[in-house]
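Undergrad: Once you've had a glance at the structure underneath, I'll fire off some questions.
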DNA sequence: CGTGCATTTGATAGCTATCAAAGAAGGTGG
DNA sequence: CCACCTTCTTTGATAGCTATCAAATGCACG
């Protein structure tokens, strides 16, 4: 696909992808997920083994970084935009490092869901609807958890009504406040939503409409 | 110290520092260590709670990012330099995420020591001498480990002759190959050094000269 | 409707955090 | 220069969490 002999600047125009790195043990580690509008810098030269893998149909545009940046220097605003995007990527990477460094499995999953809600969530009343393009394996790989642990955390959140799921990819976040608590972002939800308040002890999770 | 009401660009001219973020539970998380020559971008605006803390006497220069970048746009090569530094920071952050995501305590410590060797190590024969400016607590905090686990891993590496220590801050990496194996970078050391070869089973670690 | 893969669920082992206490290291004041 | 004190580090014992192994269930696709 993309030439791998030099640094690449890739623009993801449409779709969703994962940025991965091949590990010495031949497995792969997910570094980040990317969505429409993202810019991805691939320093093949200083860090071999990087790769972008599509999670669904994508439209991407790639340039050799060297050439692109040389041209961009003629137009500082372009360079500035690339800088801003890189700084955003850095911020996301640091936030991820925090997740991985000192958070439990449930905190990582809750934090992940909130991060996805920010990026690809669609409001649905007081809740947020998510269509996750990545598998449980990818999620676990990205968060430093096994697929089984990811599944158990989803089950727990579902049993407690914080989220609802339908099929493999559709997730509805019923109570962002409670999720933020689970993610360790705050200590107590100020206003428990109807789902959390009711289903914490005994109620079954509400069925989720698959949309039309 | 530095104004915290707007994004800052900080240049560390001399010394060593840690970049931290204050967590909701009032504890702090170490995001990165920085050394002479590093550029650090502090997005106070989009991510409150960041801070730079000196680990030893430092000389630092800080600018409001907005003003600096406006001026830098007039000189593309400057902007380009800042971009390159940011991309380097991104790469380091991603590597750290890998460490935190799927590595054991020993792998994290070994990887950390190799990373420090690259940045502030001084060759000493076939070994590398490190003067660590940060405490065990900072190391653990940075790697997502407790201070006790860090200490246990140091002890193990010391008992096996891979490293020698003297006092709190002086560490000598006796066998980079073995350390790389411990870090999970490769599977077998091609040429075990004198220390590793001899002390793997029974020899005591060699005393380390404190240098004058 | 059957096949294959992803997910879920269950039981157990291993690793690291936590709790507790002893032992160095460095700094201070006598 | 030495005794003391504070802080950091090391060491030990235990509990908790997650990985691992194993098997069942569910979902998508042909």
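Undergrad: Can you pull the percent of Cα pairs in chain B with separation above 28 Å? Before the final figure, lay out the partial values.
TA: Values: 7810 of 22366 pairs.
Roughly 35 percent, rounded to a whole number.
Undergrad: Next question, about the same structure. Quick one: order A:66, B:96 by neighbouring beta-carbon count within 10 Å, fewest to most.
TA: A:66, B:96
Undergrad: Please give the length that would be gained between residue B:66 and residue B:147 if that part of the chain were fully extended, namely 0.36 nm times their separation in residues minus their C-alpha to C-alpha distance (nm, one decimal).
TA: 25.3 nm
Undergrad: Under the classification rounded if a/c is under 1.5, otherwise prolate if a/b is larger than b/c and oblate if not, where does region B:1-76 fall, given a ≥ b ≥ c as square roots of the Cα gyration tensor eigenvalues?
TA: In terms of gyration-tensor shape, oblate.
Undergrad: For every helix of n ≥ 4 consecutive DSSP H residues, a contribution of -39,500 (n - 2.57) applies; sum these over chain B, divide by its total residues, and give [θ] at 222 nm rounded to the nearest 500 deg cm²/dmol.
TA: -12500 deg cm²/dmol
Undergrad: Can you tell me the FRET efficiency between residue B:59 and residue A:159 if r is taken as the Cβ-Cβ distance and R0 is 56 Å, rounded to the nearest 0.05? Let's see the in-between values first.
TA: On the way: r = 55 Å, r/R0 = 0.99.
Working from the Cβ atoms, E equals 0.50.
Undergrad: Determine, for A:134, A:23, the number of other Cβ atoms within 10 Å of each Cβ, and report the residues in order from fewest to most.
TA: Sorted ascending by nearby Cβ count, the order is A:23, A:134.
Undergrad: Same structure, new question: Mind pulling up the Rg/Rh value for the protein assembly as shown? Radius of gyration and Kirkwood radius, both on Cα.
TA: 0.99
Undergrad: In whole angstrom, how long is each semi-axis of the equivalent ellipsoid of region B:39-123, when you take the square root of 5 times every eigenvalue of its Cα gyration tensor and sort them from largest down?
TA: On the way: eigenvalues 167, 49, 46 Å².
Rounded to whole Å, the semi-axes are 29, 16, 15.
Undergrad: Between residue B:45 and the same site in the other copies, what are the distances in nm, shortest first, taking label points 7 Å from Cα along the C-beta direction?
TA: 3.1
Undergrad: Related question: I'd like to know how region A:89-138 sits against the 2.2 N^0.38 Å rule of thumb: what's its Cα Rg over that expected value?
TA: 1.23
Undergrad: Same structure again: Would you mind calculating the gained length between residue A:166 and residue A:135 on full extension (0.36 nm times residue separation, minus the Cα-Cα distance), in nm to one decimal? Don't jump to the answer; show the numbers that get you there.
TA: Details: separation 31, 0.36 × 31 = 11.16 nm, distance 1.38 nm.
So the extension gain works out to 9.8 nm.
Undergrad: Which Rg and Dmax, in Å, describe the Cα atoms of region B:104-199?
TA: So, for region B:104-199, Rg and Dmax equal 12.3, 33 Å respectively.
Undergrad: Output the relative contact order of chain B, whole-number percent, from Cα pairs under 8 angstrom with separation of 6+ residues. List each step's numbers first, then the result.
TA: On the way: 329 pairs, mean separation 34.3, N = 212.
Here the relative contact order equals 16 percent.
Undergrad: Taking chain A as the reference, fit the longest principal axis to its C-alpha atoms, fit the long axis of helix A:76-102 to the helix C-alpha atoms, and give the angle between the two in degrees, 0 to 90, nearest 10.
TA: In chain A, helix A:76-102 runs at an angle near 40 degrees to the longest axis.
Undergrad: Now, a different point. Expressed as an acute angle from 0 to 90° and rounded to the nearest 10, what is the orientation of the C-alpha long axis of helix B:147-159 relative to the principal long axis of chain B?
TA: Taking the Cα atoms of chain B, the angle to B:147-159 is about 40 degrees.
Undergrad: Also, I was wondering about something else. Between residue B:92 and residue A:122, what's the calculated FRET efficiency when r is the beta-carbon distance and R0 is 41 Å? Round to 0.05.
TA: Details: r = 35 Å, r/R0 = 0.84.
The pair residue B:92/residue A:122 has a calculated efficiency of 0.75.
Undergrad: Same structure again: Does anyone have the angle between helix A:105-120 and the longest principal axis of chain A? Alpha-carbon axes, 0 to 90°, nearest 10?
TA: Once rounded, the angle reads 60 degrees.
Undergrad: Where is the GNM fluctuation largest for chain B (alpha-carbon springs, 10 angstrom cutoff): B:85, B:99, B:129?
TA: Between B:85, B:99, B:129, it is B:85 that shows the largest mean-square fluctuation.
Undergrad: Please arrange B:120, A:40, A:109 by counting, for each residue, the other beta carbons lying within 10 Å of its beta carbon, fewest first.
TA: With the fewest neighbours first, B:120, A:40, A:109 line up as B:120, A:40, A:109.
A short reminder: the numbers here are calculations on the coordinates, not readings from a lab. Quick caveat, the model's predicted, so the values are computed rather than measured. Cβ atoms come from the backbone with ideal geometry, glycine included; neighbour counts cover every protein chain shown.
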